[in-house]
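The values are calculated or read from the model by the stated rules, or taken from the named source; none is laboratory data. What you see is a predicted model, and the numbers here were worked out from it, not measured in a lab. Every residue, glycine as well, gets a Cβ built from its backbone with ideal geometry; the counts of neighbours run over all protein chains shown. The accessibility values were calculated without ligands, DNA or RNA, using every heavy atom of the protein model including side chains. Shrake-Rupley method; radii C 1.70, N 1.55, O 1.52, S 1.80 Å.
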Amino acid sequence: MKKLLLLLPILVLRSTAFADDDYHSFVVSTEKEITVSGNRTMKIVNFVQESGGDARVKVTKAGETAIILAASLVDDKMSAEDKNMRIAGPAVVTVTAPAVGNAFITYLLVRD
């Protein structure tokens, strides 16, 4: 009980610190476009695909486009979390699924 009382203020402060942050998870079967506003940063938590292929994350900023991340297979141990991907807004992020199967992405939008 004593430990719980010591942890309670930390848990309350942690929940209020992340109150403006948004978690999102999507199954992508073709392509999904995500807009990151100027006052947000996108942190990709997980990006995997069901089968081999070319699932990827592409970022467009100021008219320039770059592929920044390829998906890991669901069975692999490597994930986007290991790669620590962060994208500062404003940006348009496009998630593309492989030709066969789906891609799964989980990300956090953090207020700057």
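Below, the figures for the structure above:
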| read-out | value |
| --- | --- |
| For the range 22-35, Karplus couplings with θ = phi - 60° (6.51, -1.76, 1.60), whole Hz, Gly/Pro x | 10, 8, 9, 9, 9, 9, 10, 9, 10, 8, 9, 9, 10, 9 |
| Accessible area of Val92 in the full protein assembly, 1.4 Å probe (Å², nearest 10) | 50 Å² |
| Exposure of Leu73 as accessible area (Å², to 10), given a probe of 1.4 Å and all protein chains | 60 Å² |
| Per-residue HN-Hα couplings for the range 40-52 [Karplus 6.51, -1.76, 1.60; θ = phi - 60°; Hz; x = Gly/Pro] | 10, 10, 9, 10, 7, 8, 8, 8, 10, 9, 6, 10, x |
| Distance in nm between pseudo-label sites at Leu108 and Asp22 (7 Å out along the Cβ direction from Cα) | 1.6 nm |
| Per-residue SASA entry for Arg111, accessible area with 1.4 Å probe, Å² rounded to 10 | 100 Å² |
